[in-house]
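Below: one structure, written as structure tokens.
All of the numbers you see were taken from the coordinates with simple rules; none came from a lab. Predicted model only: the values in this text are computed from it and were never measured. Glycine also receives a Cβ, built like all others from the backbone with ideal geometry; neighbour counts cover every protein chain displayed.
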Amino acid sequence: MSLNIIFAGTPDFAAVHLQALLDSEHNVVAVYSQPDRPAGRGKKLLASPVKQLALRHDIPVYQPPSLRDEAAQAELAALGADIMVVVAYGLILPRAVLDTPRLGCVNVHASLLPRWRGAAPIQRAIEAGDAESGVAIMQMEEGLDTGPVLVESRCTITPADTGGSLHDKLAGLGGPALLEALAQLAAGTAEPRPQDDGRANYAGKISKEEARIDWLRPAVEIERQIRAFNPFPVCWTTYSDNRGEQRLRVYRAQLERGCHSDIPGTVIAADAEGILVACGREALRLQLLQLPGKKALEAAEILRGYPDLFVPGQRLDGVTANDH
């Protein structure tokens, strides 16, 4: 049974789900997306991936700064949709909006609810060392990701997964799960499963400052953080050269088991295999790095070009071993 759908979303993850709806039997009557944002060096206004996709398919796009405004709510109600599908939209839906469509509003959430509620479930799952993740299709209510779950689809988190690779896995799972949930709702066969609030964790938004590596932490935790924050916001540390303190971005690192007696943050070795750095427990071999103003390179390439930049005994985070 075909449904008339309002779709609300903003980033690439949402655009994948809009495309799944466009490829289905359903009719997307309108798209809601965040207002265009300044981007790039010229700070030109850039349309979101969802808006760009909608315009290519001649779908009307609405970009209210808020849905709390009565005029915006009346505009949405006038569309006469059966259901509203929300994927990483970025605006809170007030009760008046949630109650407008005949079948309510559903959300595609990149976590096995209630494990991670909030803005950054993909990164927090990797950072915490979760063995699996997935997508939950949830009936929306006023609480933050608290509504009952209609359909879920699971996947394994591998030791090599980054925030980027898990994002792509979940985006691939979300479309089929969403279509299954819509079929159940259209047929009246849906059996929503209430969430256990006692098992919920909050996946808070990630700041660039949070991505600074704390070498006092165990290497296993830092390695997970590096994978979780790749490609955004990317973990970083600092080092000193003849220009002063510089920022070093770390895209990939390998856990090195075994004990060491070095102060956390100290370079233990620097060779073709990478830059081995002492952590609060065990060590980490930094492998894919980005110097200021340069592109990301394998550590071996950086060491060939700058053989004196990282040497054993040097202390990352802007402190030299001689200061201790």
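A compact table of results
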{"quantity": "Fully extended contour minus Cα-Cα distance, from LEU45 to GLU132, at 0.36 nm per residue", "calculated": "27.6 nm"}
{"quantity": "FRET efficiency, 1/(1 + (r/R0)^6) with R0 51 Å, evaluated for THR189 and PHE232 via beta carbons", "calculated": "0.85"}
{"quantity": "Structure-based [θ]222 nm, the chain - -39500 (n - 2.57) summed over DSSP H runs of at least 4, per residue, nearest 500", "calculated": "-7000 deg cm²/dmol"}
{"quantity": "Dipole magnitude (debye, nearest 20) for the range 15-133, charges at Cβ of Lys, Arg, Asp, Glu", "calculated": "540"}
{"quantity": "The range 209-323: antiparallel DSSP beta bridges as a percent of all, rounded to 5", "calculated": "95"}
{"quantity": "Label-to-label distance, nm, for residues given as ALA300 and ALA269 (7 Å Cα→Cβ offset)", "calculated": "1.4"}
{"quantity": "Extended-chain gain in nm, criterion 0.36 nm per residue less alpha-carbon gap, ASP308 and GLU70", "calculated": "79.3 nm"}
{"quantity": "Full-stretch length increase - LEU55, GLU180 - with 0.36 nm per residue and alpha-carbon distance subtracted", "calculated": "42.4 nm"}
{"quantity": "The chain - share of DSSP beta bridges that are antiparallel (%, nearest 5)", "calculated": "70"}
{"quantity": "Stokes-Einstein translational diffusion, the range 4-202 - Kirkwood Rh over all Cα pairs, 1.306 mPa s, 10 °C, in µm²/s", "calculated": "92"}
{"quantity": "Residues TYR306, TYR239, TYR62 arranged by fewest to most Cβ contacts within 10 Å", "calculated": "TYR306, TYR62, TYR239"}
{"quantity": "Within the range 173-248: Cβ-based charge dipole about Cα centre, in debye rounded to nearest 20 (Lys, Arg +1; Asp, Glu -1)", "calculated": "220"}
{"quantity": "Cα-centred dipole magnitude for the chain, charges only on beta-carbon of K, R (+1) and D, E (-1), debye, nearest 20", "calculated": "740"}
{"quantity": "Contact order relative to length of the range 4-202, as percent, for alpha carbon pairs under 8 angstrom and 6 or more apart", "calculated": "19"}
{"quantity": "Proxy reagent accessibility, fewest Cβ within 10 Å first, across ASP58, ASP168", "calculated": "ASP58, ASP168"}
{"quantity": "DSSP H segments from the chain that extend 27 Å or more along their own axis, Cα-based, with Kyte-Doolittle mean of -0.5 or above", "calculated": "163-187"}
